[in-house]
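**Student:** Here's a structure for you.
Just so it is clear, none of the values below were taken in a lab; they were calculated from the coordinates. Here the structure is a predicted model, which means the values were calculated and not measured. Here the Cβ is made from the backbone with ideal geometry for all residues, glycine too, and neighbour counts use every protein chain on show.
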Amino acid sequence: AQSVAQPEDQVNVAEGNPLTVKCTYSVSGNPYLFWYVQYPNRGLQFLLKYITGDNLVKGSYGFEAEFNKSQTSFHLKKPSALVSDSALYFCAVREIYDMRFGAGTRLTVKP
Amino acid sequence: NAGVTQTPKFQVLKTGQSMTLQCAQDMNHNSMYWYRQDPGMGLRLIYYSASEGTTDKGEVPNGYNVSRLNKREFSLRLESAAPSQTSVYFCASSEAGQNNQPQHFGDGTRLSIL
């Protein structure tokens, strides 16, 4: 079965600094990888996806993710963090009928 | 655009009580899903419905039943609630047969079982 892992429970960065939220995957075949963000008391919101093609994927709110096949990673990045980026971030891999999620990484951006 | 709507938003039950969580989507999606979210465990799939008229078990189906009432609505029922079912429940929908499409989520139902 497909799976993803998020090795960090918590990531802290200062506002204006670059941020990275890590994700590694384990799949058979071509991976369909996603990043979602969850704000307090809200559902998950789609940020970006990797299907095929360019290894650097651009998404919503200035986020991007880098797909690395040799390292089986799909890290989420942003060049300059905002306080409003503070939230819970989930990496996910698409199965045939559902989505398998990582445990989540809480990002805190401090002013 | 409403997207995916879940009711109720909050509920407290006593052990052994039953209840139904409602979900409706207005995006004309064929597939719908029920997840539960527990701290440190991400989201786990309870049941899904790949298309109207079909339902299948996910990773953690025990203690739950579902009904795909029509294309728009997908309900989750707890027949005899247990404290282990205290969780946040999310409904989601997506286009059918499209592995490269994201799922769209409601804002969740926060359920406490005493």
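**Student:** Which of the strands (runs of 3 or more DSSP E) contained wholly in region B:53-114 include at least 2 residues that are within 11 Å of B:Ser31 (Cα to Cα) and under 15 Å from the mean Cα position of the chain (by Cα)?
**Tutor:** On the way: elements: B:64-68, B:74-78, B:87-94, B:109-113.
Filter on region B:53-114 gives B:87-94.
**Student:** Hey, another quick one. Restricting to strands (runs of 3 or more DSSP E) lying wholly in region A:2-89: which have 3 or more residues that are within 18 Å of A:Arg100 (Cβ to Cβ), within 14 Å of another protein chain (Cβ to nearest Cβ) and touching a residue at least 60 places away in the same chain (Cβ under 8 Å)?
**Tutor:** On the way: elements: A:3-5, A:10-14, A:19-21, A:24-26, A:33-38, A:44-50, A:56-58, A:64-68, A:73-78.
Per the criteria, A:3-5, A:33-38.
**Student:** Here are the criteria: (1) surrounded by fewer than 16 Cβ atoms within 10 Å (Cβ to Cβ); (2) in contact with a Leu (Cβ under 8 Å, 6 or more places away or on another chain); (3) among the charged types (D, E, K, R). Tell me which single one A:Glu64 does not satisfy.
**Tutor:** (1)
**Student:** Scan region A:91-111 and report the pairs whose first residue is under 11 Å from A:Cys23 (Cβ atoms) and at the interface with another protein chain (Cβ under 7 Å from one of its Cβ atoms) and whose second residue is small (Gly, Ala, Ser) and outside any strand (DSSP E or B), with Cβ atoms within less than 9 Å and a gap of 6+ or a chain change.
**Tutor:** Filtered contacts from region A:91-111: A:Phe101/B:Gly42; A:Gly102/B:Gly42; A:Ala103/B:Gly40; A:Ala103/B:Gly42; A:Gly104/B:Gly40; A:Gly104/B:Gly42.
**Student:** Any residue in region B:35-43 that is away from chain A (no Cβ under 11 Å) and surrounded by 11 or more Cβ atoms within 10 Å (Cβ to Cβ)?
**Tutor:** Yes, region B:35-43 contains a residue that is away from chain A (no Cβ under 11 Å) and surrounded by 11 or more Cβ atoms within 10 Å (Cβ to Cβ).
**Student:** Can you tell me how many residues within region B:14-30 are within 12 Å of the chain's Cα centre (by Cα) and either of a type in the set (A, V, I, L, M) or facing another protein chain (nearest Cβ under 9 Å) (or both)?
**Tutor:** Matching residues across region B:14-30 total 2.
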